[in-house]
Amino acid sequence: MGKTLLCACEDVSLEEVRRAFAAGHRDLESVKRYTGFGTGPCQGKSCLALVARELLRLGATPGEIAPFTSRPPGQPTPLAALAALDPATLPAGHQGVPPEAPPRRPGPGALPPLPERADVVIIGGGILGLSLAYELARRGRRDVLVLDQAYLNAGASGRNGGGVRAQWSTSDMVTLALRSLALCRRFAVDLGINVWFRPGGYLFLAPDGAQVARLERNAELHARHGMRTRLLSPEQALEVVPHLDPSRFVAASWNPDDGVVFPWPFLWGYATQAEAMGVKVRTFSRVTGLRRSGDRLTHVETDRGAVACQLVVNAAGAWSKQVAALAGVATPNRPTRHEILVGEPLEPFLDPLVSLLGTGLYFSQSQRGELVGGMGDPDEPEGIVLGSSLRFLARFARASTRLMPRLGGVKVVRQWAGCYDVTPDNNPILGPAGYANFHQLHGFVGHGFMMAPAMAELYADWLTGRGKHELFDRFSLARFARPGAAVGEDFIIG
Amino acid sequence: MPRLPDPRFDADCTIVFDGQEIPARAGEPIAAALLAAGRPLVARSAKYHRPRGPFCLAGSCHSCLVRVDGQPNVRACRTPCRGGLVVRTQHALPTATHDLLGVIDRVTPGGLDHHHLGTSSVPLNRAMVAFSRRLTGIGKLPDDPLLPPATPREEPFDVLVIGAGPAGLGAAEALAEAGRRVLLADSEPRAGGRLRCRYRLPGEPPPSLAGQVEARVRSAGGEVAIDAPVLGLWLDGGSVLALLHQRAEPGGLRLVRPARVVLCAGGTAVPAGIEDGDRPGVFWGRGLAVALAEHGTVPGRRAAVLGAGDEASELAARLDEAGMVVTLVPAARRVLGRGRVRGLADGSGGELGCDTVAVVQPPAPATELARLLGAPVAFDAMAAAFAVTADRHGRTAVPGLFAAGEVTGAMDAAQAAEAGRRAGEAARG
């Protein structure tokens, strides 16, 4: 028996598209993520219409068939070519391409209705919301509704670089991250779906003495937590990543137990297992209001109807500030765009995630062999902006090829952006705020993905009467009213 | 007969393909030389290690990726030959022709469910992840760093016309007539788009149109950039900024800031979409017609032209004139053969022997650049295609962005030229 290939770049067959549809992925964005079609060198130019036609045959209506988001560059382009562009001539602060369009909802029959009431409503179907729903259900609190405005993985949970590390600068973050790493190692078995956790380590490079001092402080902290973090000379770092230019850094920090994952399946895994225990996950359902009575929220209003509830959790990531505002609660979050790109798939050449401190540059190689890298931009203004800029391509290309010249021939196939949910002290906002039953679970500043598995356990313990971790007092919204109370996390990259 | 007997197509150098010398014509694509040498199998597919070869012959499908002079994932259909060029197959053990990993395809008749593979225990999962990583990736890291080309400076133009097929030629001509400074850019090595197929269809503009329009564009102060794909459209700086990769001399990147854009990008080859339709020896009809006309490529002895209509008949006529035994086949269920095509099956026991299949179906409109700027596209369920929504004058919902020709839906070349002309008139501003 032969195969009918719809996407030749990634070898996605008709049968795989049918399986994805049967698993509930009806829109092209979701089918793309579940099957991998359209993610290869041609970026869907050849196969998009073929897959759309098949979805139509399977029962999708023409109205719900919309192409997945187009991403630059239009052809695989070597980093060396992009490094010719001068970022100074490409000003920051523009919206980028494509302009954000409202998520296109599948036809009326395709979405199950919202319940009239639920014990817990979690706003945001990213990894924080879904992992919390899963952990609540495991602890017996199963009347849980998770709402997302789009398809699963549309937000930062589906847009991040998939790094999971324990190399942090505060004890709180180290502790959480170590637990998340332990859960990542078991996730595929516990949740029944591969996340391709690969412990290739994290290699932080310090370009100057001040950055070396940070690494030394962190290494002492890590040693107290039993981690294997080691400080390396440039020569030792070259043994870990042979192609680096050793003149670009003076020391490195290396923890071989950090690693990378493939982000998307985490959401499918948590959602599927939570739903099996009775949780309801409703996509394409946007929260429009929060109804209040006295010191409690009573209903979550959406564009598909209102839901009465006992408890509301704001896990809306970059949108959490807007969600809090619906209840009149002001939060200091500053959502800020961070851009990222992916290259052509190459045979393994890079084990760890590499980050050059002080520049925002980081890159790793995914399980599929693609270079995945991003670079924060100090000139990026606050705002929920998801478009892509040429400026980012130019900045990343210059910085990455300087640090690792052989990346010059690596071709970029796609760029995109997500938002960091930035807080004043780079720590999350947790616990009730404004109303006794309005819980906050946001403000993770680009590391919410890696912290979520551990965070959800602690939060679910608290919400099911199993004890409240001291983190929840330390990271309450109220801390911003008493400056100096929380130790800021300073080891943010990207 | 590997090539048309014409001195224009005679081999004048050799390239080295997996250690074997292959006669080639300097300047022709690697794919043309390999097809002339009877070597349609040039690659292995990403997951199943299926035999692959050039399909679209037009730079879009990426089925012909090879390593060339130490650079991975180079398109054989897009990279010109020169004497001594070293071409290697990738992602195979040991070569694409004889790849032991082809067993993956044979033992997974229903496909691989990579989401649930090896999830029964933690040690098994860990081993599976480590092992599968060794199988991933197409090609190795480049041997040498490429040097950045010169830093491009922004070049203003009145209008950027993307695509020099009938629609783009029509638009550029209308703009140049009105004195507009146009940059007419095309990703192909020659202007003309589908006119390069040399089909003799009713109303089809003559191939000489390209030369006439080029002269007119230049006389109005504009420029024609051939072999210059538009890598993307961004909005850095607040208005449309296009990045072009000028592959021909002098080469390098170009940053273009046009006041308006007319998108005439035509369409992209669509895979056959039938069982084993990805076998080496299956080609996109238009790509094959161009290769025959411009490089004398005759890919085999017996061809099946899969499709119906005027284009299919014209392609069959061209292949017949080239000496192939040609059969027109309106529909088929399956391609026979493995390392290369050996026939077509119709699903009810009927089989047709052939070593070449040319797929004739309307290309998928190349909507990507329009979507980058937020222009709406519509799905035509009958045609099973997304197309840019534009009015009779090529106006899209995005100010300053016009679209004409096959990027807005199927039409013949005469209609495309007319639509392009109207869009060019509307884009004069």
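Counting beta carbons within 10 Å around each of B:H245, A:H94 and listing the fewest first gives the order A:H94, B:H245. Each Lys or Arg adds one and each Asp or Glu takes one away; over the other residues whose Cβ falls under 12 Å from the Cβ of B:L369, this sums to +2.
The alpha-carbon atoms of chain A define a convex hull whose volume equals 144 cubic angstrom per residue.
Charged neighbours of B:P330, selected by a Cβ distance under 14 Å, balance to -2 (K, R count +1; D, E count -1). Using the Cβ-Cβ distance between B:E155 and B:A317 with R0 set to 60 Å, the FRET efficiency works out to roughly 0.90. Charges were assigned to the Cβ only: +1 to each Lys and Arg, -1 to each Asp and Glu. The resulting dipole of region A:5-68 about its Cα centre is roughly 100 debye.
One Cα centroid belongs to region A:1-58, the other to region B:37-58; the line between them spans 20 Å.
Annotated for the protein assembly as shown: lysine pairs at least 8 residues apart or interchain, Cα distance under 26 Å, count 17. The GNM of chain B, with springs linking C-alpha atoms under 10 angstrom apart, assigns the highest mean-square fluctuation among B:E223, B:E173, B:E275 to B:E275. Segment A:N437..A:R117, full-extension length gain: 113.7 nm, with 0.36 nm per residue of separation and the alpha-carbon distance subtracted. The residues neighbouring A:G383, those whose beta-carbon lies less than 15 Å from its own, together hold a net charge of -4 under the Lys/Arg +1, Asp/Glu -1 convention. Placing unit charges on the Cβ atoms of the charged side chains and taking the dipole of chain A about its Cα centre, the candidate lying farthest along the positive direction among A:S293, A:Q211, A:G93 is A:S293. In chain A, taking the dipole from charged Cβ atoms about the Cα centre, the farthest positive-side position among A:N194, A:W268, A:I429 is held by A:W268.
For chain B, the longest principal axis of the alpha carbon atoms and the long axis of helix B:413-426 meet at an angle near 40°.
P(r) of the protein assembly as shown in 10 Å steps, Cα pairs, percent per bin? Taking every Cα pair in the protein assembly as shown, the percentages come to 2, 12, 21, 25, 20, 12, 6, 2, 0, 0. Remark: the B:A178-B:S348 segment gains 55.3 nm on full extension, using 0.36 nm per residue and subtracting the alpha carbon distance.
Ranked by how many other Cβ atoms sit within 10 Å of their own Cβ, fewest first, the residues A:I127, A:I193 fall in the order A:I193, A:I127. With neighbour counts taken as other beta-carbon atoms within 10 Å, the residues A:V261, A:V445 rank, fewest first, as A:V445, A:V261.
Comparing mean-square fluctuations of B:V224, B:V335, B:V129 from a GNM of chain B with C-alpha springs under 10 Å, the top value falls on B:V129. With Cα atoms defining each centre, region B:270-308 and region B:201-234 are spaced 26 Å apart in the structure. Here the convex hull built on the C-alpha positions of region B:43-175 has a volume of 225 cubic angstrom per residue. Rounded to the nearest Å, what's the spacing between the alpha carbon centres of region A:452-494 and region B:408-423? Just the number, please. So the separation of the two Cα centres works out to 61 Å.
Based on DSSP H segments of at least four residues, each scored -39500 (n - 2.57), chain A has a per-residue ellipticity at 222 nm of -8500 deg cm²/dmol.
Computed from point charges on the beta carbon alone (+1 for Lys and Arg, -1 for Asp and Glu), the dipole magnitude for the protein assembly as shown about its Cα centre is near 1040 Debye. Each Cα pair under 8 Å and six or more residues apart adds its separation to the average, and for region A:5-68 the resulting relative contact order is 37 percent.
Here the contact order of chain A, divided by its residue count and restricted to Cα pairs under 8 Å and six or more residues apart, works out to 21 percent. The stretch between B:Q212 and B:D143, if pulled fully straight at 0.36 nm per residue, gains 20.5 nm over its current Cα-Cα span. For the charge dipole of region B:1-50, defined by +1 on Lys and Arg C-beta atoms and -1 on Asp and Glu C-beta atoms about the Cα centroid, which residue among B:G27, B:V42, B:A11 has the Cα displaced farthest towards the positive pole? Working it through, the farthest residue towards the positive pole turns out to be B:V42. First obtain the Kirkwood hydrodynamic radius of chain B from its Cα pairs, then insert it into the Stokes-Einstein equation at 10 °C and 1.306 mPa s, and state the resulting D in µm² per second as a whole number. The diffusion coefficient I find is 70 µm²/s. Round to the nearest 0.05 the FRET efficiency obtained for B:D113 and A:A481 when R0 = 56 Å and r is the Cβ-Cβ distance. Step by step, r from the Cβ atoms, then E = 0.60.
Here the Gaussian network model covers chain B, with springs between Cα atoms less than 10 Å apart; of B:G70, B:G374, B:G394, B:G374 fluctuates the most.
Taking Cα centre as origin and charging only the Cβ of basic (Lys, Arg, +1) and acidic (Asp, Glu, -1) residues, the dipole magnitude of chain A rounds to 840 debye. What the pair-distance distribution of region A:5-68 shows, using all Cα-Cα distances binned every 5 Å from zero, is 4, 22, 36, 26, 10, 2 percent. Contact order, relative form, for chain B: 17 percent (alpha carbon pairs under 8 Å, 6 or more residues apart, mean separation divided by residue count). For the pair A:D461 and A:R292, a Förster radius of 25 Å applied to the C-beta separation gives a FRET efficiency near 0.40, rounded to the nearest 0.05.
Computed from the coordinates by the stated procedures, all read-outs in this text should not be read as laboratory data. Keep in mind that this is a model prediction, so the values were computed, not measured. We place every Cβ from the backbone using ideal geometry, glycine too, and count neighbours over all the protein chains shown.
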